[in-house]
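Notes follow once the structure below has been shown.
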Amino acid sequence: MGTMNHFSFGWLTPALSYAMACVGAALGLRCTLRALSAIGASRRNWLLTAAAAIGSGIWTMHFVAMFGFTVDGTELRYNVPLTILSLLVAVLVTGLGVFVVGYGRHRGRSLLLGGLTTGLGVAAMHYLGMAAVRLHGAVAYDPGTVGLSVLVAVGAATAALWAAVTIRNVVAAGGASLVMGIAVTCMHYTGMAAVHVHMEPSRTDLGGATPMQFVFPLAVGLGSFLFLTSAFVALSPTAQERAAYEEATELTIEDFRQAALSDRAAV
């Protein structure tokens, strides 16, 4: 059995992966909240942004953490199509979950269905990402620990969606994203605890790309997307702020008209 190390760079990769999970969760919660106060195409667009944020954040968290994963006696490579598929699954299934919450008529039922769907999507992303790993050996899983990781994913997703539709305070939402980051990170390392590697020494070259060739540039790109989108969302006005601005503008125009009428009356 191969000796595995999940922390080859110490606490650097867990800390960075946790940060990415928190950023994705915070952005996703914020966008979902914006969606619930919007209508029509605006609601749809906010929900799409939320799905992209949460899915990208979870995927980036997983693969940043995987940089710290090594197995003695073999290098690691990644199957490119499967890795991309894991990202698409994360975004698409997360999108299904947030759309269920965004358009569902019954809050409780929508949260349960959306949490289940999103949680299963997170778990599917994780194990698809693991299926993309190429090494000189065979990867096996402990079924009980796999089941526990799926339960953690579903619980984390349900809690995140509940926070998105319940919490209105910015500080509380920030705290919820930190908790969501912990839950997603725990899901990842619970899933990794289920892994067993049986070494099969071989002289043949491994297929796929090295982490630095493919995963690292993609993770950096998605991380940049999350931070830039977070800045955009933070600076964009809310529906309440737009309404207040429009009301203030109307009052200003009305004041101007009243002043003009007063001047004419004085003449």
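The values are calculated or read from the model by the stated rules, or taken from the named source; none is laboratory data. All values reported here derive from a predicted model rather than from experimental measurement. For the accessible areas, the whole protein counts, side chains as well, though only heavy atoms, and no ligand, DNA or RNA atoms are used. Shrake-Rupley method; radii C 1.70, N 1.55, O 1.52, S 1.80 Å.
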The correct ranking of Phe99, Phe227 by accessible area at 1.4 Å, largest first, is Phe227, Phe99
Between the alpha carbon centres of region 213-233 and region 185-202 the gap in Å comes to 26
Order by accessible surface, 1.4 Å probe, largest leading, for residues Leu85, Leu29 comes to Leu85, Leu29
Per residue, accessible area of region 70-210 with a 1.4 Å probe, heavy atoms of protein chains only, in Å², comes to 47
Reported to the nearest 10 Å², Arg34 has, with a 1.4 Å probe, an accessible area equal to 20
Carbon and sulfur atoms account, in whole percent of the 1.4 Å probe accessible area of region 69-222, for 70
Once phi for every residue in region 27-41 is put through the Karplus expression 6.51 cos²θ - 1.76 cosθ + 1.60 (θ = phi - 60°), the whole-Hz ³J(HN,Hα) values, with Gly and Pro written as x, are 5, x, 5, 5, 5, 5, 5, 4, 5, 5, 9, 10, 9, x, 5
Heavy-atom accessible area of Tyr127, protein chains in place, probe 1.4 angstrom, given in Å² to nearest 10, is 40
Rounded to the nearest 10 Å², the accessible area of Val93 using a 1.4 Å probe with every protein chain kept is 40
